[in-house]
Amino acid sequence: MNGHRVLVANLLQGSPQGDSLRAMSGSMVAYEGDVAFKSAGMGGGGGLRAALKQKATGESLSLMEVSGKGTVYFAVDAQDITIVELANDTMHVEASQLLALTGQLKTEVKFAGLRGASSGQGLFTTVVSGSGSVALLSAGGPLIALAVDPTYPLVVDPDSFVAHRGQLNQSFVTDVTWRSAVGGGSGEAFSLRFDGQGVVYIQPEER
């Protein structure tokens, strides 16, 4: 897989049945060769239980399985695409920023906390675990990877957050004065804080 604003996936004939991957439903823009598409639901093999959990949380992760032999092109709103390799690792990612998965990767929905005590609106992330390639979307430019170490925690705007990996603890900072200082809207402002060792991926443009 490779690409900048278009992901080019080459499905090879390494096996009699060809190759396969999972991608965001509706993200295919063109293909060549003998390629088939079918719904993959949550994409993690969770079946009905996963589907019910998805419905309960409102997490909008919808994947399709792409299989066969040929070349498939994926794109979403001309967003930039970054490919991250996982090797027996775990990544937490916003469902709307997850474009494609390859290899033996599993997905599940995880509750990350409440957006605010007054609103009571839940915040959920998609957990991708295992080994394989993950294609992530970012608006406004290429994805930015920020390293976090135990000495210095990292605080990010939740509208810019895309994903994180490593030994990180995520928490909420509700006393956010910088947002009002730069005219960041009204209401109950909060930010995401990450402590530990790992990498946080953000996009240049807010959702």
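Derivation of every value follows stated rules applied to the coordinates shown; laboratory data play no part. Being a predicted model, the structure only gives us computed values, none of them experimental. Ideal geometry is used to build each Cβ from the backbone, glycine not excepted, and the neighbour counts take in all protein chains shown.
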Per-residue ³J(HN,Hα) for the range 84-90, Karplus 6.51 cos²θ - 1.76 cosθ + 1.60, θ = phi - 60°, Hz, x for Gly and Pro = 10, 8, 10, 10, 6, 10, 10
ask   = What is the set of long-range amide H partners of Ala139 at a cut-off below 5 Å, with H atoms built 1.01 Å from backbone N?
value = Glu205
query = To the nearest Å, what is the center-to-center distance of the range 72-102 and the range 23-37, using C-alpha atoms only?
reply = 15
message = Could you compute the net charge surrounding Gly33? Neighbours are other residues with a C-beta less than 13 Å from the C-beta of Gly33; K and R count +1, D and E count -1.
response = -2
key: HN-Hα J in Hz across the range 194-199 - Karplus 6.51, -1.76, 1.60, θ = phi - 60°, x for Gly and Pro   = 10, 10, x, 10, x, 10
Surrounding net charge for Ala23, when Lys and Arg each add one and Asp and Glu each subtract one, Cβ distance under 14 Å = 0
request  = Could you go through the range 25-36 in sequence order and give the Karplus-derived ³J(HN,Hα) for each residue, using 6.51 cos²θ - 1.76 cosθ + 1.60 with θ = phi - 60°, rounded to whole Hz, and x for Gly and Pro?
outcome  = 4, x, 8, 6, 10, 6, 7, 10, x, 9, 10, 10
